[in-house]
Amino acid sequence: MPPRLIVIVGPTGAGKTRLALQVAERVGGEVVSADSQQVYVGMDIGTGKASAAERARVPHHLLDVVRPDEEMTAVRFVELADAAIAAIAGRGRAAIVCGGTGLYVRALLLGLFIGPPASPETRAELTGRAEREGLAALHAELVRVDPTCAAKIDPHDAKRIIRALEVFVLTGEPMSAHQARHDHKAAVRRYPARLVGLQPEREALYRGIDARVDAMLEAGLEAEVAALRAAGYLPPLRSQQAIGYAELHDLADARVDRTRAIELIKRNSRHYARRQVSWYKPDDTVEWHPSADAVDLADMERYLAES
């Protein structure tokens, strides 16, 4: 039997990292990050990466895996996560998976919906349209043909928008319809897992997100972006389209002023939090809690002890 996992999910700013540390310390575990931005070296503050002190308390895995100009896919994430979980289990410890990237968590637990092979012709056509008409036009089309999928994709994520439209063009069905046949009720989990979700009340979450952005700026997020720029890591690299980075690149390029850049980081973070919550709404296996303090750590320990 594969090892049991505790999987902590929820929107940005909900307290997932703090809860993961608490659970790991309680059960003698190690944390496996399921965050598509924390994989990048040099992107620490804006991604909310665990600090050096926190990593000294509990070992963390899948942080700082690739350079900001390297590609990171869900397939590679699963390969690395499987290896980390196996190594953790081999040490007689528990793996605590923690992260806000729903696609990574789904791929780890259920495997990937592969979909039809890429069509170079279709992809070239869609890429050309994005260049001519703007990515917003393609996202609007995705909203029309597959609103469920569009609600889960960042409007700035060209790769995923184009892939979703490509699947629709090639199969005549929305990607969400394909994924629905590969959902938590139909697929066999690759690991037995307890899914723990954090979902503060909306206004409290938004206040927390705004305060978190302010704290990141005070901690040196602008200097972090300046260092990335100095190293040659610039848009349109996918890593540099992440929230907090894209807006500060725009500031550095004089496309917005500082006040507007900060407003956009906060607004885009709130929108992202809504998409994260929407991702898990159909999954009735997630146990939702209003805060990390509301989670019964002893119950988590008992669950792992049953294995």
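See the values below:
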{"quantity": "Meets criteria (more than 18 Å from the chain's Cα centre (by Cα), surrounded by 21 or more Cβ atoms within 10 Å (Cβ to Cβ) and under 30 Å from residue 271 (Cα atoms)) for residue 52", "calculated": "no"}
{"quantity": "Residues of the range 198-213 satisfying the condition of being part of a helix (DSSP H, G or I), surrounded by 14 or more Cβ atoms within 10 Å (Cβ to Cβ) and not aliphatic (A, V, I, L, M)", "calculated": "206, 208, 210, 212"}
{"quantity": "The range 117-169, residues that are in a helix (DSSP H, G or I) and touching a Ser or Thr at 6+ places or on another chain (Cβ under 7 Å)", "calculated": "148, 149, 162, 166, 169"}
{"quantity": "Selection from the range 252-307 of residues that are of a type in the set (Val, Ile, Thr), more than 18 Å from the chain's Cα centre (by Cα) and closer than 21 Å to residue 105 by Cβ", "calculated": "285, 295"}
{"quantity": "Unique residue being of a type in the set (D, E, K, R) and touching a Lys or Arg at 6+ places or on another chain (Cβ under 8 Å) when the list is 260, 238, 255, 229", "calculated": "238"}
{"quantity": "Selection count, the range 228-248, where residues are of a type outside the set (Phe, Trp, Tyr) and under 15 Å from residue 47 (Cα atoms)", "calculated": "11"}
{"quantity": "Subset of the range 28-44 [among the hydrophobic types (A, V, I, L, M, F, W, C) and crowded, with 20+ Cβ neighbours inside 10 Å]", "calculated": "31, 32, 34, 39, 43"}
{"quantity": "Some residue of the range 176-195 being at pLDDT below 95 and in contact with a His (Cβ under 9 Å, 6 or more places away or on another chain)", "calculated": "no"}
{"quantity": "Residue within the range 62-69 that is closer than 21 Å to residue 291 by Cα, touching a residue at least 60 places away in the same chain (Cβ under 8 Å) and of a type outside the set (Val, Ile, Thr) present", "calculated": "no"}
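The values are calculated or read from the model by the stated rules, or taken from the named source; none is laboratory data. Here the structure is a predicted model, which is why all the values come from computation and not from measurement. With ideal geometry, Cβ positions are generated from the backbone for all residues, glycine too; neighbour counts draw on all protein chains shown.
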